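So the structure is just underneath, and the comments pick up after that.
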Amino acid sequence: MLAYPLATVTVVPFAFRWTVFGPAWDALADRVGFFLLRPALFVDAAAHVVPGVVLCAGILTAWASLLGEEAVGAWQREHLSEPFREAFVEE
């Protein structure tokens, strides 16, 4: 669940800058070399990622609370294979 937001926050700024201005190898070496020595980067990454994860979890929770047992059963019958349902889903 965290892989997509972390990948986005990590890759998009570099990709945008490199697409527009070209790669800056010396800046990349400085950032990677001192990454573990700068804990503020972890705080910044968390500040960017955590709100999105919380929003996603909240939306999924609200959506799941609105579903009834019939809707869940219909979804399981439509999307899960018969062997999987027999092994893991109580009907």
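Numerical summary
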{"item": "In degrees, nearest ten, helix 69-79 long axis to first principal axis of the chain (Cα)", "result": "70"}
{"item": "The chain, accessible surface, carbon-and-sulfur percent (1.4 angstrom probe)", "result": "71"}
{"item": "Matching label, volume of the Cα convex hull per residue in Å³ computed from the structure shown, candidates [x] 102; [y] 181; [z] 84", "result": "[y]"}
{"item": "Surface accessible to a 1.4 Å probe, per residue, for the residues of the chain, Å²", "result": "84"}
{"item": "Computed [θ] at 222 nm, helices only, for the chain once each DSSP H run of length n ≥ 4 contributes -39500 (n - 2.57)", "result": "-26000 deg cm²/dmol"}
{"item": "DSSP loop chymotrypsin sites (Phe, Trp or Tyr not before Pro) with at most 11 other Cβ within 10 Å excluded, longest remaining stretch of the chain", "result": "36-91"}
{"item": "Positive-end extreme of charge dipole, the chain - chosen from Ala29, Ala45, Ala57 (charges on Cβ)", "result": "Ala29"}
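The values are calculated or read from the model by the stated rules, or taken from the named source; none is laboratory data. These figures come from a predicted structure and were not determined experimentally. All Cβ positions, even for glycine, are placed from backbone atoms using ideal geometry, and neighbour counts span all protein chains on display. For accessibility, only protein heavy atoms count, side chains too; no ligands or nucleic acids. Shrake-Rupley method; radii C 1.70, N 1.55, O 1.52, S 1.80 Å.
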